[in-house]
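The structure appears right after this line, and notes come after that.
The values are calculated or read from the model by the stated rules, or taken from the named source; none is laboratory data. Just so you know, these numbers come straight off a predicted model, no measurement behind them. With ideal geometry, Cβ positions are generated from the backbone for all residues, glycine too; neighbour counts draw on all protein chains shown.
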Amino acid sequence: MPHDLQTTLPECPICSALSDQEYAYQKYGSSDGDTELPAAVAKLVVVRDLRPHGSRRLELQRCPLCNTHYLYRTDYEYLVNGSEDEQFLTRLTGDQVKECLDQPVCD
C-alpha cells in the first residue's frame, strides 16, 4: 500500500520532511523543552479513527501525494504543576497498514 501513487517517498514533498518516527512534547505552564511535530504532519489525511470516542487520539493517516501511511497517536498526563501532552507519528509498512485496517475500532 505505501508509496504507490504519483510520487515515491524521497520525491514526496510531504513525506521527505518526515522521519520514520516523529515525537513532540509540550508541558503546560512551562514552555521550556516544548517541541512540535513537523508542519508536514498537518498535510496528512485521516483514513481511519481507531479510537473514535477516546480522549487520546489513535488514527491511521495517509499522505495524499504518495499514499504512505502513518499511525498518529496522542497521550497526556494531568499533573498539578502542568499537564504534559505527547504526540507520536510512525511511518507504517504495508503489512502494518493492513493490520490497522483489519482491527476493530475501539469504543
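Odds and ends about this structure:
- Selected residue (criterion: modelled with the highest pLDDT) from residues of the stretch 85-107 that are part of a loop (DSSP other than H, G, I, E, B) and over 16 Å from the mean Cα position of the chain (by Cα): Q103
- In this structure, V45 qualifies as closer than 16 Å to L89 by Cα, in contact with a Pro (Cβ under 6 Å, 6 or more places away or on another chain) and either without any contact (Cβ under 8 Å) to a residue 60 or more places away in the chain or among the charged types (D, E, K, R) (or both).
- E77 in contact with a strand residue (DSSP E or B) (Cβ under 8 Å, 6 or more places away or on another chain), more than 23 Å from P10 (Cβ to Cβ), acidic (D, E) and free of Cβ contacts under 8 Å to residues at least 24 places away in the same chain: yes
- Taking the criterion of being over 16 Å from S83 (Cα atoms), assigned to a strand (DSSP E or B) and either among the hydroxyl-bearing types (S, T, Y) or modelled with pLDDT under 90 (or both), the only residue of the stretch 1-42 that qualifies is Y23.
- Test result for R56, closer than 16 Å to C100 by Cα and either part of a loop (DSSP other than H, G, I, E, B) or not hydrophobic (A, V, I, L, M, F, W, C) (or both): no
- Lone qualifier among L50, L65 - being within 23 Å of C12 (Cβ to Cβ) and either of a type in the set (F, W, Y) or in contact (Cβ under 8 Å) with a residue 40 or more places away in the chain (or both): L65
- Within the stretch 8-46, restricting attention to residues that are surrounded by fewer than 16 Cβ atoms within 10 Å (Cβ to Cβ) and in contact with a Lys or Arg (Cβ under 6 Å, 6 or more places away or on another chain), the residue that is farthest from P64 (Cα to Cα) is D20.
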